[in-house]
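The values are calculated or read from the model by the stated rules, or taken from the named source; none is laboratory data. From a predicted model like this one, the values you see are computed outputs, not experimental measurements. Cβ: placed from backbone, ideal geometry, glycine included. Neighbour counts: every protein chain shown. What goes into the accessible areas is simple: the full protein's heavy atoms, side chains included, and nothing from ligands, DNA or RNA. Shrake-Rupley method; radii C 1.70, N 1.55, O 1.52, S 1.80 Å.
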Amino acid sequence: MSRTDGSAALLAATALHKSFGSNEVLRGIDLTLHRGEVVVLIGPSGSGKTTVLRSLNGLETPDSGVIAVDGGPEIDFAAKVAQKQRFALRDSSAMVFQHHNLFPHLTVLENVIEGPWRVQRRPKDEVVAEALVLLERVGLADKADARPHQLSGGQQQRVGIVRALALKPDLLLFDEPTSALDPELVGEVLLVIKELADEGWSMVVVTHELSFAREAADHVLFMDGGVVVEEGAPEQIFEAPREERTQRFLKRIL
Ligand code: ADP
């Protein structure tokens, strides 16, 4: 991706490698994202997309490679990575998972404030006020006192998104946010993500929803077998893919 203003990338990952036992899952992944950009990762199941996302969030530790956040110090995974650096990575982003992972015994509001209040230790009244605004934004203000099981899957996933926003991260990471939903609930969740993208949130999204990718992405990476086979603007990837592997994948999925 080229930028003319020369600003440092919000996220720059270079040559990420990761193996699980003898299974080499990432074979040198580069990913750059500038503030306000939406990068979408597509590719067949098992190609390493989730592992990339988890590496960006500090949930997974690559065997080698470098990640730098917002022009800050490089985290070199080939060196012994200080725990503090891993935490810095985790603090800069918030992840929305395939399954929302809400705490079943807490209300919607309590789920949303858990991170900013108990982990980030911000004042409770401030955090509650912000959470209510965010819930209102995704149409769930009236569900603040409900328990997760009283909500539809799409509503639960929207709470998952609000929970990520409440952490005020620099970067949102979405790991197949709609793949566990019934088809009729997918649209409402994609709409929220698209609105956040339009508002200028920086995000990396793993998804099989290609029409969403086409509309929302600034940049698309097609992964297969632990490498980025092809990347470019959505129009190029979807309308004129250059690589045969990309063409085959798109034919299969469209
Ligand atoms: P994708 O998101 O593209 O489906 P993943 O990153 O989830 O791909 O997985 C890539 C490969 O890594 C798969 O073969 C998967 O089985 C393997 N894998 C992922 N996480 C682990 C883990 N924690 N332990 C062992 N193997 C893993």
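Which numbered condition in (1) away from the ligand (no atom under 16 Å from the Cβ); (2) modelled with pLDDT of 95 or more; (3) surrounded by fewer than 21 Cβ atoms within 10 Å (Cβ to Cβ) is the only one that Ser211 fails?
Answer for Ser211: the failing condition is (2).
Quickly run through the stretch 197-207 and pick out the residues that are surrounded by 15 or more Cβ atoms within 10 Å (Cβ to Cβ) and outside any strand (DSSP E or B).
Within the stretch 197-207, Ala197, Trp201, Thr207 qualify.
Yes/no per residue for (1) within 16 Å of the ligand (Cβ to nearest atom); (2) modelled with pLDDT of 95 or more; (3) of a type in the set (Ser, Thr, Tyr):
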{"site": "Ala15", "(1), (2), (3)": "no, yes, no"}
{"site": "Pro44", "(1), (2), (3)": "yes, yes, no"}
{"site": "Phe87", "(1), (2), (3)": "no, no, no"}
{"site": "Asp91", "(1), (2), (3)": "no, no, no"}
{"site": "His100", "(1), (2), (3)": "no, no, no"}
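Can you list the strands (runs of 3 or more DSSP E) lying wholly within the stretch 11-104 that have 1 or more residues being open to solvent by 50 Å² or more (accessible area, probe 1.4 Å)?
Hits in the stretch 11-104: 11-20, 23-33.
Across the stretch 173-206, what is the number of residues that are more than 16 Å from Val138 (Cα to Cα) and either within 16 Å of the ligand (Cβ to nearest atom) or in contact (Cβ under 8 Å) with a residue 40 or more places away in the chain (or both)? Even if it seems obvious, please write down each step before you answer.
Quick first cut of the stretch 173-206, residues more than 16 Å from Val138 (Cα to Cα) only: 173-176, 179-184, 200, 202-206.
Imposing the further condition that a residue be either within 16 Å of the ligand (Cβ to nearest atom) or in contact (Cβ under 8 Å) with a residue 40 or more places away in the chain (or both) reduces the set to 173-176, 179-180, 200, 202-206.
Residues flagged as more than 16 Å from Val138 (Cα to Cα) and either within 16 Å of the ligand (Cβ to nearest atom) or in contact (Cβ under 8 Å) with a residue 40 or more places away in the chain (or both) within the stretch 173-206 amount to 12.
If the requirement is being in contact (Cβ under 8 Å) with a residue 24 or more places away in the chain, of a type in the set (A, V, I, L, M, F, W, C), in contact with a helix residue (DSSP H, G or I) (Cβ under 9 Å, 6 or more places away or on another chain) and within 20 Å of Ala197 (Cβ to Cβ), which of these qualifies: Leu26, Leu56?
None of the others qualify; the one that does is Leu56.
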